[in-house]
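Handing you this structure, nothing more for now.
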Amino acid sequence: METAEQTEKTEQAQPPVETIKLRIRGGEIDALKSSRYPMKKWPDFAVGDNIKVHYKIKEGDKERVQVYEGTLISIRGEGFGKSFNVRRISHEVGVERIFPYHSPSITKVEISRKGRVRRAKLFFLRHKSGKAGRIKESYEGQATLAAEKKKSRQAAAAEKAKT
């Protein structure tokens, strides 16, 4: 049987419980936020963008990071079920890969080029080859990427100046 002092100590030791809203099969539920599976926040990429996904690969007891670069052709789902499809041409053969958005294996996502498209899913690219499979570049995307690069360079210079 616990005394009042012991219960106060245990209540103070535990941090407040955070909840997040998840949509599963059309319904909303409140789930406990866990540090075991943190929700990731990547840069705002959209369908049509060329992105680089830095993905951890385990081979035996070794672990390395591999970069998968291609065109983002679809984004589906919400919450922890969210995923995105990246397509690239490798040795004249189209290769697609599905990445879970909140995967702990993804270390970094970079946007290399912003695309301008009028569709939510670009599955028609599967049947195109060569110039027909190209996507126009968004002009405001170029400005955005340039501004982000400038910020990162300034941050790196400031970090270097501190040390």
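What follows draws every value from the coordinates through simple rules; no lab data is involved. Computed from a prediction, not measured in an experiment: that's the story for all the values here. Every residue, glycine among them, receives a Cβ derived from its backbone with ideal geometry; neighbour counts consider all protein chains shown.
Given an 8 Å cut-off on Cα distances and at least 6 residues of separation, report the relative contact order of the stretch 37-128 as a percent.
This gives 35 percent for the stretch 37-128.
In what order do Thr19, Thr163 fall by count of nearby beta-carbon atoms within 10 Å, going from fewest to most?
Listed from fewest to most nearby Cβ atoms, that is Thr163, Thr19.
Step through the table entries Lys62/Lys131; Lys40/Lys150; Lys56/Lys136, compare each Cα-Cα distance with 28 Å, and write down the pairs that go over it.
Violating the 28 Å limit, Cα to Cα: Lys62/Lys131; Lys56/Lys136.
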